[in-house]
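The values are calculated or read from the model by the stated rules, or taken from the named source; none is laboratory data. Keep in mind the model is a prediction, meaning the values are calculated, not measured. Every residue, glycine as well, gets a Cβ built from its backbone with ideal geometry; the counts of neighbours run over all protein chains shown. Areas reflect the complete protein model, heavy atoms only, side chains present, ligands, DNA and RNA absent. Shrake-Rupley method; radii C 1.70, N 1.55, O 1.52, S 1.80 Å.
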Amino acid sequence: MATDWQEIARQIGLAIGQPFVMRGQRAVGGGDINQAFVLDDGTQPYFIKLNSAARLGMFEAELAGLQEIGRAGVIRVPRPLCCGTAGGHSFLVLEYIAFGGPDHNSVIELGRQLAALHRVTAPRFGWYRDNTIGATVQRNDYCTDWIVFWTEQRLRVQLDLLKRHGRSGRLMALGERLLESLHALFAGYTPAPSLLHGDLWGGNYAFDERGQPVIFDPAVYYGDRETDLAMTELFGGFPADFYAAYRDSFPLDEGYVRRRPLYNLYHILNHANLFGGGYAGQAERMMEVLLRG
Ligand code: ADP
């Protein structure tokens, strides 16, 4: 379906309060789920994500998440302008950020600024709205008990989805046993509801032209900050200076290492739901390790 760029330009104009006369449009690569473009009026470029019209809710949630992190004022995120539908597409318009190379201080700043984000807390776990993790719905109903939140709204949701996708047997049995035994992993540890990025893998941060960190594509909610740290370690890890700077700013509980696979299990189960392949086997192995204690 052809993209109605004129309609998108019209809606950008409404958001910025003056007509946006599109002079150029180019596709940019890199996104997993959406198509990405840069639109230009000759002076001000904007970053546009496109998907099918049915995905508008996903973009509304992303816009709200970027606003939430932006309001904290401690780490740069692209400023969201608007989202909507045009023709058969949904779209999200963000400030375009030219990424540059990091300098010697950039990853240290990333560690410090993420720690500052995690110092922003709410009275309860969850958020005022649901969002998505990859293409999967992520539930964020408010809850005062973190273990209940993680059990019901993170792991059980993914396990139920796997069941609906026809998975049964060993994976489900391990999942049930694990959900009943989570308390042991939390002895003596009471996490606070911290503002989280929620999907902090290596593809969702970069540095701007001044070398300052930028995080994007979040799946925001308030939860245990260890979940963000765990995810940074899931696919290869961030540079060592990042972890040192984070821990200097905001030391981690010594039980983090034991809980890390529990937190990353959520993303591996989600990958099993989205991509199948070897992720279900990986999830089983993680659950076995967790159950051994
Ligand atoms: P998706 O939701 O499809 O995964 P991302 O938000 O991860 O898309 O964006 C895809 C790529 O586009 C990123 O890896 C990044 O390099 C680039 N990008 C994201 N946001 C911006 C922005 N505001 N300005 C410039 N480039 C961006």
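Listed values, structure above:
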| quantity | calculated |
| --- | --- |
| Residues within segment 1-38 that are among the aliphatic types (A, V, I, L, M) and free of Cβ contacts under 8 Å to residues at least 40 places away in the same chain, tallied | 6 |
| Members of segment 77-132 that are out of contact with any helix residue (DSSP H, G or I) (no Cβ under 6 Å at 6 or more places or on another chain), within 13 Å of the ligand (Cβ to nearest atom) and open to solvent by less than 20 Å² (accessible area, probe 1.4 Å) | Pro78, Leu94, Ile97 |
| Residue match in segment 64-73 (condition: in contact with a Gly (Cβ under 7 Å, 6 or more places away or on another chain), under 17 Å from Ala206 (Cβ atoms), within 13 Å of the ligand (Cβ to nearest atom) and open to solvent by less than 20 Å² (accessible area, probe 1.4 Å)) | no |
| Count - residues of segment 165-214 that are in a helix (DSSP H, G or I) and either touching a strand residue (DSSP E or B) at 6+ places or on another chain (Cβ under 8 Å) or in contact (Cβ under 8 Å) with a residue 60 or more places away in the chain (or both) | 12 |
| Pair list, Cβ < 9 Å and 6+ apart or interchain, from segment 90-107 residues that are closer than 16 Å to Pro213 by Cβ and modelled with pLDDT of 95 or more to residues that are within 7 Å of the ligand (Cβ to nearest atom) and not in a loop (DSSP other than H, G, I, E, B) | Glu95/Phe47; Ile97/Phe47; Ile97/Ala206; Phe99/Ala206 |
| Those residues of segment 1-42 which are β-branched (Val, Ile, Thr) and either more than 16 Å from the ligand (Cβ to nearest atom) or part of a strand (DSSP E or B) (or both), in sequence order | Val21, Val28, Val38 |
| Checklist (1) farther than 27 Å from Pro80 by Cβ; (2) more than 16 Å from the ligand (Cβ to nearest atom); (3) open to solvent by 40 Å² or more (accessible area, probe 1.4 Å) applied to Ala192, failing item | (1) |
